[in-house]
Structure formats: C-alpha cells, structure tokens
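Let me begin by presenting the structure, written as structure tokens, before commenting on it.
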Amino acid sequence: MDHEILFQRILYQLPKELNWLKDHVNWVNSRGYVIKGVRAIIWGRVEEGETYLMKALKYGVQVDRLFLSQLSSQVTSYETEFGKHMAQNVINNLSQCLEKLTNRAEIRWFKGVYAVNTAFKSYQHGEYANVPHSVLSSIINDPSYLVNRGVLKIFLSSLVKLKN
C-alpha cells in the first residue's frame, strides 16, 4: 500500500487531540518518497527512483546530513554484499539523482562520508592497499578530513604497512 494513503487513513482514525499531526503530512510524504526513491536507485531501478524523488520534491523534501549519513551506511552494506565496483555505481547514480533535492556541497559531503567509512572498514579488515585511495577521496570531497587525526592515522599507518 502507498504510504501516503496509509498515513491519511491512520490520521483520520486518531482522536482530535492528535490533530496536530496533520501539520506534518507533507514531511511524512516527502520522507516516504525520498526513501522509496533512494532504495529504488540502490537496487538499479533509477527511473523509478527518480519518479519517487520528484514526488518527494513536490512535498518540499529536505535532505539533511542525518539522512545522507544513513544512506551512506546503506551503501556501505551494499558494498559488503555486492562489491566496491557495484557500490560505486550506486554512489554515482544516487549523487546524480540527489542533486535535484539538495546542493552539491551536501552531495560532496555524502561522498566524503562514504569514502571515509570505506577507508576505516578497509583498515579494520587489514586491506591496507584500499585505505589511501579512500582517504584521498574523502579529503577531496570534504577537506575537513585533513585535520581528522583518525583519518590521518589510518592513512599513514596503511602506507607504512604497505611498505613492509
């Protein structure tokens, strides 16, 4: 069932004391459509995803960093299952589609979070050859990682471990 219809049915069954929830209908609808959209894009249904994202835009969607951070975690899980190449395709598709909903700085931040998470995951699994590229990608997308001691530590440590 469509979340929009379901939410309306739920609202009309609630007591009048909860009428204030009706003020949040647009937010719920926009969030529902953006979630459906990114899930469709992740699973390779880009056109369907774009349709949902346009519906989200109609309701005034606001894509915030919390949402983008959660999305990054989903792509990281996807990478674990399907590999780095497939996850990079997802990141590219999501980035292109999300540009309609937010600004480029937020998209770059999203890419940076994904890259730094990938770097830490690779470091933790002893895949030191993957760390420098991921760290550099995170810094290119979000220069604030240049002053992150944890990021610098795994970058330098992985380089040392590669030399040995």
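The values are calculated or read from the model by the stated rules, or taken from the named source; none is laboratory data. No experiment lies behind these values; they were computed from the predicted model shown. So basically every Cβ, Gly included, is an ideal-geometry build from the backbone, and we count neighbours across all protein chains shown.
Of the residues in region 112-126, at least one is in a loop (DSSP other than H, G, I, E, B), in contact with a Lys or Arg (Cβ under 9 Å, 6 or more places away or on another chain) and at positive phi. For first residues located in region 62-87 and outside any helix (DSSP H, G or I), partners that are aliphatic (A, V, I, L, M) and surrounded by 14 or more Cβ atoms within 10 Å (Cβ to Cβ) and lie 6+ apart or on another chain with Cβ distances below 6 Å form the pairs V63/L101. Tell me, please, whether a residue that is closer than 21 Å to L94 by Cβ, aromatic (F, W, Y) and part of a helix (DSSP H, G or I) can be found in region 30-41. Checked region 30-41: at least one residue is closer than 21 Å to L94 by Cβ, aromatic (F, W, Y) and part of a helix (DSSP H, G or I). Scanning region 141-155 for residues that are at pLDDT 95 or above, among the small types (G, A, S), surrounded by 18 or more Cβ atoms within 10 Å (Cβ to Cβ) and over 17 Å from the mean Cα position of the chain (by Cα) turns up nothing. Among the candidates G60, G83, the residue that is closer than 21 Å to T118 by Cβ, exposed (fewer than 15 other Cβ atoms within 10 Å of the Cβ) and small (G, A, S) is uniquely G83. Looking across region 113-135, the residues that are touching a residue at least 12 places away in the same chain (Cβ under 8 Å) and surrounded by fewer than 19 Cβ atoms within 10 Å (Cβ to Cβ) come down to N117, F120, K121, Y128, A129, N130, P132.
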